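See structure below.
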Amino acid sequence: MMQFAIFAERKTPWDIIGENFTLLASALLAFAAVIVLLFLVAGRTNVKAQEWLKYLVFLVPALLLLLIGLIYPTIRTIILSFMDAKSENFVGFDNYVWAFTIPEIVVVLRNTAVWVFLVPFLSTAIGLSIAYMTDRMKRPTVIKSLIFMPMAISFVGAGVIWRFVYNFEPNENRADIGLLSAIVKFFGGTPPNWLLESPGNTYLLIAVMVWIQTGFAMVVLSAAMKNVPDEIVEAAMLDGATPIKRFFRVTIPMIRATLVVVLTTIIIGTLKVFDIVRTMTGGNFQTNVIANEMYSQAFRQMNYGTGSALAIILFVAIIPVIAYNVRQLRLERTER
Amino acid sequence: MTASVATVRAKRRAKNIFSSPIASAVAWIIAVVWTIPTFGLLVSSIRPEKEINSSGWWTFFANPNVSFENYQKVLFEGTTTNPPLFQFFFNSLAVTLPAVIFPITLAVFAAYALAWFDFKGRDTLFFGIFALQVVPLQLALVPLLQLFAKGLQIGDFTIIPDFGITGTYIPIWIAHTIFALPLAIFLLHNFISQIPRELIEAARVDGAGPFTLFSKIVLPLSVPAIASFLIFQFLWVWNDLLVGLTFGAGSKEVAPMTVRIAEMVGTRGSGWEVLTAGAFVSMAVPLIVFFALQRYFVRGLLAGSVKG
């Protein structure tokens with residue numbers, strides 16, 4: 001083991017890449033080989049054997065992974081949330097009491113609530129407006145691609161992009177390199193130290209998430225609008241409805257189901273937001289949210305009790321949203 | 001024929017009536033505002049180090065000085081403790097390929113079973129899997145990490161042994177696979193269940209078993225849906241931070257690029273010359289994939305969300 005450590009220090013990046021790609025190639029080959037072999041063997045067995053083999057090959061692997069990777073951890077996290085930092089003694093509801101009484105954590109919960117309210121609302125509103133404005137445009141492709149592009153950028157990348165925009169120059173004699181400060185100065189204002197000053201900084205972080213999610217809302221809602229029959233829109237026009245009226249009276253009611261899906265999808269994404277806060281402020285300066293605090297508790301403070309309790313709070317917040325989606329899906333099924 | 005020409009004309013006329021110059025102008029303004037932050041970062045990344053840190057990127061156009069030194073520096077200069085970014089680029093590749101291929105394969109299998117095998121409780125199982133999306137990543141982190149590190153024992157009985165895989169890619173691959181399954185199965189099931197019943201029945205009558213049926217009919221017909229989800233999963237894995245950070249066990253030999261960039265932001269918040277270039281290196285592949293395959297990506301998104 002010691003020898004290995006000394007040897008490891010001399011490895012060049014190329015050595016590491018070589019080793020990693022050997023593992024990569026063998027993993028992919030092994031995976032492919034297992035599947036091909038299973039198919040060859042199973043395909044040659046008799047009809048009766050295939051009747052039960054098919055469950056084993058097609059269904060069991062995925063179910064097993066879901067059982068080990070999602071169902072078991074959920075139960076385990078629930079148990080851990082009632083235990084102390086090292087998961088040795090039961091402490092009852094202490095971790096939950098902690099979460100709802102310690103001022104710093106109350107701030108975290110409050111921030112998360114602000115995020116969950118503002119991000120879905122703003123992204124959907126902006127995305128919806130753009131979708132409506134470009135709905136009848138001849139060539140909306142470029143506009144849509146530009147607004148959709150942030151979806152392809154990682155939250156970490158977006159964090160760097162926006163940290164640069166929010167960059168603050170404390171020395172008055174030096175030129176600003178942050179765009180936002182420069183704009184404020186151009187109009188004669190004095191820029192604040194953007195990311196350090198609460199509560200403004202939370203809204204600046206929220207803007208980043210809105211920037212990313214708007215494209216998603218726009219694309220999905222725009223597709224839904226294309227399904228609104230032209231006849232209905234034309235009839236509304238003949239009745240003398242202004243574009244604004246048409247928007248509220250015709251378009252929105254027609255795409256209501258999709259609007260709900262977009263909102264719930266963004267709500268779930270926002271509840272789990274972690275990377276943006278972590279890269280931009282590290283959760284400091286009163287900007288922290290549940291997902292990031294959960295990480296800090298579990299992996300920095302090494303307190304599995306409080307970390308698990310925060311994860312469960314997150315879980316409980318998501319349940320009603322998904323439950324609503326499942327219900328919608330079931331309704332749709334029965335209609336079909 | 002004439003009727004369809006007439007409707008096309010009517011639609012075109014309707015389009016002209018509806019398109020308003022003000023709406024177009026507003027849409028264009030929003031699009032430009034949306035692009036400026038990324039554009040500013042791109043411009044900065046090709047400016048000399050001294051200029052990035054002393055003047056705004058918009059002055060570049062008055063005084064264009066192009067230098068690729070930042071990319072050279074961030075990609076190839078490094079130490080043993082802080083390897084150069086190109087190593088992390090390959091790490092990202094090695095993380096992403098299996099983390100895309102494994103879940104899609106297993107999800108196509110499961111979606112096929114859930115759509116075309118007749119067994120009791122099939123619908124309940126399907127809704128159960130769909131509902132598993134409720135489990136946030138955060139919830140599974142600690143137990144799953146312990147599972148990878150120690151295996152699973154109940155009393156003296158070992159259910160899953162400790163495989164000693166911590167610090168390799170394997171936990172990251174498995175974690176990504178597990179977290180992708182509920183959505184992947186749901187989306188692919190939507191598609192696979194819509195294969196015409198006659199097609200499946202005809203093949204069955206011809207004597208095709210469940211395995212032949214899958215490889216000769218279901219798989220070829222599912223290619224578009226698989227392609228859509230592939231792009232989706234690729235972007236998700238490549239851009240992920242949380243899974244790479246926690247399941248990589250802090251090892252630089254497996255950490256993907258996002259982990260490295262996040263670390264650079266934390267430790268050298270002011271080194272914009274490396275940060276801008278580094279961020280762009282990490283964004284290059286997803287942006288290329290995005291612009292090249294946007295149509296399929298959109299299709300994948302829509303499969304999951306538009307109803308009706």
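Observations, loosely collected:
- Pairs from the list A:Lys144/A:Lys226; A:Lys144/A:Lys272; A:Lys226/A:Lys272; A:Lys86/B:Lys150; A:Lys144/A:Lys185 with a Cα-Cα gap above 21 Å: A:Lys144/A:Lys272; A:Lys226/A:Lys272; A:Lys144/A:Lys185.
- Of the chymotrypsin sites (Phe, Trp or Tyr not before Pro) found in the range B:89-145, those that fall in a DSSP loop while having at most 13 other beta-carbon atoms within 10 Å are B:Phe119.
- Cut-off 14 Å between beta-carbons: net charge of the residues surrounding B:Pro143, Lys and Arg +1, Asp and Glu -1: +2
- Cβ-Cβ FRET estimate between B:Thr166 and A:Asp239, R0 fixed at 51 Å, reported to 0.05: 0.15
- The mean count of C-beta atoms from other chains within 10 Å of the C-beta of residues in A:51-61, rounded to a whole number, is 5.
- Sites B:Thr158 and A:Trp52, calculated FRET efficiency, Cβ-Cβ separation with R0 35 Å, nearest 0.05: 0.80
- Inter-site label distance for B:Val33 and B:Ile200 at 7 Å from Cα along Cβ, in nm: 4.9
- Counting every other Cβ atom within 10 Å of each residue's Cβ, A:Phe315, B:Phe229, B:Phe214 order from fewest to most as A:Phe315, B:Phe214, B:Phe229.
- Rounded FRET efficiency, nearest 0.05, which uses the C-beta distance separating A:Ile183 from A:Val142 and R0 of 25 Å: 0.50
- Here's the list of aspartates and glutamates a cross-link from B:Lys216 could span, going by alpha-carbon distance under 19 Å and ignoring same-chain residues fewer than 8 apart: A:Glu51, B:Glu198, B:Glu201, B:Asp206.
- Per-residue mean of C-beta atoms belonging to partner chains within 10 Å, peptide A:73-82: 4
- Panel order for A:Arg300, A:Arg278, by other beta carbons found within 10 Å of each beta carbon, from fewest to most: A:Arg300, A:Arg278.
- Working from label points 7 Å from Cα in the Cα-to-Cβ sense, the A:Val41 to A:Ala323 distance is 4.5 nm.
- Listed from fewest to most Cβ neighbours within 10 Å, the set B:Thr166, A:Thr190 follows the order A:Thr190, B:Thr166.
- Full extension of the chain between A:Asn284 and A:Glu197 yields a length gain of 30.3 nm, computed as 0.36 nm times the residue separation minus the alpha carbon distance.
- With a 10 Å cut-off around each Cβ of B:185-191, the average count of Cβ atoms from other chains is 1.
- Kyte-Doolittle mean at least 0.5 and Cα axial length at least 20 Å: DSSP H helices in chain B: B:21-45, B:85-116, B:170-192, B:219-239, B:272-292
- Nonlocal amide H pairs with B:Leu152, under 5 Å, H built at 1.01 Å: B:Ile159, B:Ile160
Throughout, read-outs are computed from the coordinates displayed, never taken from laboratory work. Keep in mind that what you see is a predicted model, and the values were worked out from it rather than measured. Heads up, the Cβs are rebuilt from the backbone with ideal geometry, glycines too, and the neighbour counts pull from every protein chain shown.
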